[in-house]
Amino acid sequence: MPNCYNDGMITPILIGLVGWVTGTFVNYLSDVLPHKRRLTQPFCLNCSLEQPFLDYFVWPRKCQACDSRRSFRVWFVEILAVPITIWLWYSPPEPLGFWVGLFLLAFFAVVIVIDIEHRLILHPVSIFGAIVGLGIGTWLNGLQLTLLGGAAGFGIMLVLYLGGILFAKVVSRLKGRDLDEEALGFGDVNLSGVLGLMLGWPVIFAGLFIAILAGAIISIILMIGMLITRKYRTFVAIPYGPFLVAGAIFLIYFREFILAHFG
């Protein structure tokens, strides 16, 4: 009995540690990729001085030159990664399993953080995601449905992207000035293609529907908030990558729930 108890206590602790390490790696990629577009030694986002790995990843987590500390996002991501990883250990997505599911979730987290902070979905991230998506999609759905899903995701979002450009030109002409924001970027088009590879045909349609619905709901909430605070302004764009990723996460990680209740 004591051994069973110890095993039951040790496993969540070890998996939680895996989650923390995953969170630190997500933070590292979210810090260096928008600035360097490649893996480099960690550096201070305030003064660009390179940081020792121990200082950056463990402690004291502040720059030796300018005394700048890591942002709130760093702690939020790492703390949140722990319970999510423990949940994933006990409820791994089928048939991906825990490790592949964790790897894919880390990729999604990098996309979300970078898009929220920089309004970017980087081409290197999209290329890497396409390679991963092709492998996972072929494993889950076969090559044909994977390629069809990728083409559908890319094509549908490309049409919306071009429509957004046309709409912006029309509004700019009517207003007599250029719009500062665009509804969709081409990075969103690439990301939709990547997610289409992962989800396959025809599931990508459900993924895009969830993303569009979630984006509309959040936009309405933000609009109401701006009206209440009297800070409303037209054509306020929000990062769309998180909504696209949310649709994929729901369909990949909650597949059994969906099939049980709606299948």
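Rule-based calculations on the coordinates, nothing more; no lab input. Since the model is a prediction, treat every value here as computed from it, not as a measurement. Cβ coordinates were reconstructed from backbone atoms using ideal geometry, including for glycine residues, and neighbour counts include every protein chain displayed.
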Practice prompt. Being of a type in the set (Val, Ile, Thr) and surrounded by fewer than 19 Cβ atoms within 10 Å (Cβ to Cβ) is the filter; apply it to region 83-93 and report the residue that is nearest to the chain's Cα centre (by Cα).
Written response: 84
Discussion item. So in region 107-131, with the set limited to residues that are over 15 Å from residue 242 (Cβ atoms) and surrounded by fewer than 17 Cβ atoms within 10 Å (Cβ to Cβ), which one is farthest from the chain's Cα centre (by Cα)?
Written reply: 131
Discussion item. Quick check on my filter: what residues within region 60-81 are closer than 30 Å to residue 101 by Cβ and not aliphatic (A, V, I, L, M)?
Written reply: 61, 70, 71, 72, 73, 75, 76, 78
Worksheet item: Within region 15-45, which residues are farther than 23 Å from residue 103 by Cβ and surrounded by 14 or more Cβ atoms within 10 Å (Cβ to Cβ)?
Response: 43, 44, 45
Item to complete: Output the qualifying pairs, or none if there are none: Cβ atoms under 7 angstrom, residues six or more apart or on different chains, first residue in region 50-63 and under 17 Å from residue 25 (Cα atoms), second residue assigned to a helix (DSSP H, G or I).
Response: 57/24; 61/55
Practice prompt. Could you check, for region 118-137, whether at least one of its residues is of a type in the set (D, E, K, R), in contact (Cβ under 8 Å) with a residue 24 or more places away in the chain and part of a helix (DSSP H, G or I)?
Written response: no
Response to the item:
Of all helices (runs of 4 or more DSSP H) fully inside region 1-114, the set with 3 or more residues that are under 28 Å from residue 131 (Cβ atoms), of a type in the set (D, E, K, R) and touching a Phe, Trp or Tyr at 6+ places or on another chain (Cβ under 7 Å) is none
Response to the item:
Across region 144-164, the tally of residues that are farther than 20 Å from residue 186 by Cα and touching a helix residue (DSSP H, G or I) at 6+ places or on another chain (Cβ under 8 Å) stands at 2
